[in-house]
Amino acid sequence: MRYPEPSAALLSHLSDRLGPAGFSTDPADLAPWLTDWRRRLTGTAAALVSPADAEEAAFVVAAAAAEGVAIVPQGGNSSMVAGATPAGIGADGRACALLVSMRRMRRIRSVSVADNAVVAEAGVVLADLHGAVEAEGRRFPLSLAAKGNATVGGLIATNAGGTQVLRFGPMRALVLGIEAVLPDGSMLRGLAPLRKDNRGYDLKQLLIGGEGTLGLVTAATLRLVPAIGERAVAWIGLRSADDALTLLRLLEDRLGEAVESFELVPAEGLALVLHHIPDTRAPLAEASAWNVLVEAVSPAGAVPIAQKLEAALAAAIERGLVEDATVAQSESQADALWKLRESLSEAEARDGMAAKHDIAVPVADMPGFMARAAAAVSDRFPGARPIAFGHLGDGNVHFNVRAPANSDGKAWFAATAADVSRFVHGLVTEAGGSMSAEHGIGRLKRADFLELTDPAKLAAMIAIKRALDPADIMNPGALLPLAEERARP
């Protein structure tokens, strides 16, 4: 690769400005952050750089840009696609990149009830953000299983989704303003909590979902909503995914926007959780082929939402749409039901190796697609075990393919997983869907993304990258082809 190693002068310059808390070349300090979340890739870096504020972040980027040194931004290192791993940048394993950690930038600068907005720095952990705004009687309506690790900057860079997209949308719909360092070291200052701003191109939307390839997000203004007055959580057993989608529309008709989460779990997925995760139990007396976890909420002082949800489920049972259901009678019961859903990925990992896919197709097409794709995968890769679960309400499921039972999972994964993923991503593309609904492309999905993406779209993205980052120093190797790859015939 063409990226130079940082000069001794640059490293000294950074060390002097950031101090020992913000700069290190000690391999022991770097080691925990060089391997991706799923432990698929391990990279190298010349230094771990941790700015304490936006000015230090701008200093780092400007200094790196002056030498053409690669920058890999990192938040909580919880990317599912190795989007923040400094791998594949230096030739022959050279440690040429600066790994820029945002974890020191953890200030919540302001919470405004009047604006329904919070200004949070890029290193703020999602769980901490939830706690800070709840103290003001507000909430940030995005949550996911990695909330204890995921940071605001990473959530923005990947346009994260989570369990409340059904009502509030992904990060793209929740970011009101952004402060960021552009690839030349200049600052983009746009934190005003404006709901309307029609002054030409919306630059923040380029950075949202840009995976750190167009700039380094240092802070964001995020939309807040009123705190929950009451929530109702139910676990529902059904015969089919088609019935689940019908149930969703019935609940929306009766409860409106009160329905915030609608999570689909197959019997096989629930069985994995019950087998591998301690302190879990089956929520219903009899197993169903499919299950749905529903959460509905109401503001303070409204008619209890549990009553509405119970009435709607009673109507669904009377119609023969639902086999059985239980509604949590306490917060602890509600948390126990959510644990079944949020532990599914962990249970799957404990069970063995799997090729993981974060896909989206139109909501109406999802039940049929899951069935067709599972059959196609089983036919193409005999013995492989597809399993689909997740956010049916917004057309995004995690369509994973486990190794054949009683096989050497690691050997199967090494020999077959790439072909399985290419096949699944092809099926999704043919269905008019997306091979990445909420995890991003990163490094792990880049080859399939470049092969399957519409050429006009890809050309436009490369043109934007070339215009804003002509030296190609921002997170090279993630999402888009490297500059020298683009130059090849």
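The values are calculated or read from the model by the stated rules, or taken from the named source; none is laboratory data. In this text the structure is predicted, and so the values were computed from the model without any measurement. Note that each Cβ is placed from the backbone with ideal geometry, even for glycine, and that neighbours are counted across all protein chains shown. Just the protein is used for accessible areas: all its heavy atoms, side chains included, with ligands, DNA and RNA removed. Shrake-Rupley method; radii C 1.70, N 1.55, O 1.52, S 1.80 Å.
List of remarks:
- Residue ID - nearest to Leu191 (Cα to Cα), chosen from residues in segment 221-236 that are open to solvent by less than 30 Å² (accessible area, probe 1.4 Å) and in contact with a helix residue (DSSP H, G or I) (Cβ under 8 Å, 6 or more places away or on another chain): Leu222
- Residue list for segment 382-416, restricted to those being touching a helix residue (DSSP H, G or I) at 6+ places or on another chain (Cβ under 6 Å) and more than 19 Å from Glu268 (Cβ to Cβ): Gly393, Asp394, Gly395
- The set of residues in segment 94-123 being of a type in the set (Val, Ile, Thr) and either within 19 Å of Ala192 (Cβ to Cβ) or in contact with an Asp or Glu (Cβ under 9 Å, 6 or more places away or on another chain) (or both) consists of Ile108, Val111, Val113, Val118, Val119.
- Where helices (runs of 4 or more DSSP H) fall wholly inside segment 237-353, the ranges with 2 or more residues that are among the charged types (D, E, K, R) and either open to solvent by less than 10 Å² (accessible area, probe 1.4 Å) or in contact with a Lys or Arg (Cβ under 8 Å, 6 or more places away or on another chain) (or both) are 344-351.
- Segment 450-476: number of residues that are under 21 Å from Asp419 (Cα atoms) and either crowded, with 23+ Cβ neighbours inside 10 Å or in contact with a His (Cβ under 8 Å, 6 or more places away or on another chain) (or both): 1
- Criterion (surrounded by fewer than 24 Cβ atoms within 10 Å (Cβ to Cβ) and closer than 26 Å to Phe168 by Cα) met by exactly one of Ala388, Ala447, Ala364, Ala374: Ala364
- Segment 135-145 - residue that is under 12 Å from the mean Cα position of the chain (by Cα) and open to solvent by less than 30 Å² (accessible area, probe 1.4 Å) and, of those, nearest to Asn116 (Cα to Cα): Leu142
- Exactly one residue out of Thr218, Thr213 is within 22 Å of Ala97 (Cβ to Cβ), assigned to a strand (DSSP E or B) and within 19 Å of the chain's Cα centre (by Cα), and it is Thr218.
- Answer from Ala234, Ala220, Ala192, Ala271 - the residue that is among the hydrophobic types (A, V, I, L, M, F, W, C), at pLDDT 95 or above and under 18 Å from Ala388 (Cα atoms): Ala271
- Checklist (1) in contact (Cβ under 8 Å) with a residue 60 or more places away in the chain; (2) surrounded by 19 or more Cβ atoms within 10 Å (Cβ to Cβ) applied to Ala431, failing item: (2)
- Taking the listed residues Asp419, Asp379, the one that is open to solvent by 50 Å² or more (accessible area, probe 1.4 Å), touching a helix residue (DSSP H, G or I) at 6+ places or on another chain (Cβ under 9 Å) and modelled with pLDDT of 95 or more is Asp419, with no other qualifying.
- Residue list for segment 354-379, restricted to those being in a loop (DSSP other than H, G, I, E, B) and either in contact with an Asp or Glu (Cβ under 9 Å, 6 or more places away or on another chain) or among the charged types (D, E, K, R) (or both): Lys356
- Residues located in segment 5-39, provided they are small (Gly, Ala, Ser), part of a helix (DSSP H, G or I) and either in contact (Cβ under 8 Å) with a residue 24 or more places away in the chain or loosely packed, with under 15 Cβ neighbours inside 10 Å (or both): Ala8, Ala9, Ser12, Ala28, Ala31
- Restricted to segment 107-134, and to residues there that are free of Cβ contacts under 8 Å to residues at least 24 places away in the same chain and under 15 Å from Ile228 (Cβ atoms), the residue that is surrounded by the most Cβ atoms within 10 Å (Cβ to Cβ) is His130.
- Residue check for Ala314: farther than 24 Å from Val165 by Cβ, of a type in the set (A, V, I, L, M) and modelled with pLDDT of 95 or more: yes
- Of all residues in segment 425-460, those being of a type in the set (D, E, K, R) and within 21 Å of the chain's Cα centre (by Cα) number 5.
- Meets criteria (within 23 Å of the chain's Cα centre (by Cα) and part of a loop (DSSP other than H, G, I, E, B)) for Arg422: no
- Pair list, Cβ under 6 Å, 6 or more apart: segment 458-479 residue under 15 Å from Ile71 (Cα atoms), other residue of a type in the set (D, E, K, R) and in a loop (DSSP other than H, G, I, E, B): Gly477/Arg443; Ala478/Glu211; Ala478/Arg443; Leu479/Glu211
- Test: residue in segment 407-415 that is in a helix (DSSP H, G or I), open to solvent by 60 Å² or more (accessible area, probe 1.4 Å) and among the charged types (D, E, K, R): yes
- Hits in segment 154-197 - residues which are surrounded by fewer than 22 Cβ atoms within 10 Å (Cβ to Cβ), part of a strand (DSSP E or B), among the aliphatic types (A, V, I, L, M) and touching a residue at least 40 places away in the same chain (Cβ under 8 Å): Val175, Met187
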